[in-house]
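The values are calculated or read from the model by the stated rules, or taken from the named source; none is laboratory data. Remember, it's a predicted structure, so these values are computed and weren't measured experimentally. Neighbour counts are summed over all protein chains in view; Cβ atoms, including those assigned to glycine, are modelled from backbone coordinates with ideal geometry.
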């Protein structure tokens, strides 16, 4: 049911609207994954840093930057992470260098820190959060947030700090969006390890209720699709409220998507039944129709029949969904691709 077909990563599209090709560019190299074979450094760089440890690596990095030696810089970034290792004090020292310098040196330092075990030290987490909150340069803020995404979990106080930050209207929009994404990615990390979900989703919905920016509200809701968790209780109720009351149709559509993962299928169908007659936008109504089927499969057909009576534009959808289920299809991920689309909508999940 929780197919990647119905997951979307809209941050790229949101960033495109900001024109983020320079001042607000974000390094998007993978945070985790198989390591490439260790690079062989150009002659001379290891000699430069061998006797001086951390300071030596810094000197080698500055020399490589001056020479525009990209191969050496990639090696030295890995080398810096290796030298830091588990040492939180070394990580903090490198972060102080990052705080006081500019690109490309700054982002190299923070990329190296995020690849270390020390990045999960409480002191390092606090320093990254402080940089994200208060550094005057948005580049520093975004690089710090990307480093924070490596956390296995957020303690309540840190989660509260980031939630407050995500609701600040005075921050650059990209910084706000990345703050939301950071909460969502750590939620996914924690869920995969421990099954914890509610504390994060509650805070994301707090952002969705409190932000004045539709893109921020929509992304905050969307992050709930990533952990493959079943929404229930207060979170489901808040999503239903957002679907009814949010002024932006994109936010209402995103709420319908996330609600379709609700644990209480009948509660989801009841919320959709309540929202459909009040919804004026055809594309949001189409989202309610398809996500009702995603939530409940053939059990949603009586509701779709009622929708078709309320709005003739959905009669053919009801007929076609019914025919697919009558033919023996049971998996929505097989049903939906076989279904013709009759609505001119740029829906998130198409």
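Looking across the stretch 311-332, the residues that are touching a helix residue (DSSP H, G or I) at 6+ places or on another chain (Cβ under 8 Å) and more than 26 Å from residue 279 (Cα to Cα) come down to 324, 325, 329, 330. Reported count of residues in the stretch 130-145, each being part of a helix (DSSP H, G or I) and farther than 16 Å from residue 163 by Cα, is 4.
Taken together, 89, 151, 93, 102 contain a single residue that is more than 16 Å from residue 186 (Cα to Cα), surrounded by fewer than 21 Cβ atoms within 10 Å (Cβ to Cβ) and in contact with a helix residue (DSSP H, G or I) (Cβ under 7 Å, 6 or more places away or on another chain), which is 93.
Total residues in the stretch 97-152 satisfying the condition of being under 19 Å from the mean Cα position of the chain (by Cα) and free of Cβ contacts under 8 Å to residues at least 12 places away in the same chain: the figure is 0. Scanning the stretch 111-125 for residues that are touching a helix residue (DSSP H, G or I) at 6+ places or on another chain (Cβ under 8 Å) and either closer than 17 Å to residue 183 by Cα or assigned to a helix (DSSP H, G or I) (or both) yields a total of 9.
Restricting attention to the stretch 163-198, the residues that are surrounded by fewer than 18 Cβ atoms within 10 Å (Cβ to Cβ) and within 16 Å of residue 210 (Cβ to Cβ) total 4. If you go through the stretch 291-344 and keep only what is modelled with pLDDT of 90 or more, surrounded by 15 or more Cβ atoms within 10 Å (Cβ to Cβ) and not in a helix (DSSP H, G or I), you end up with 311, 339, 343.
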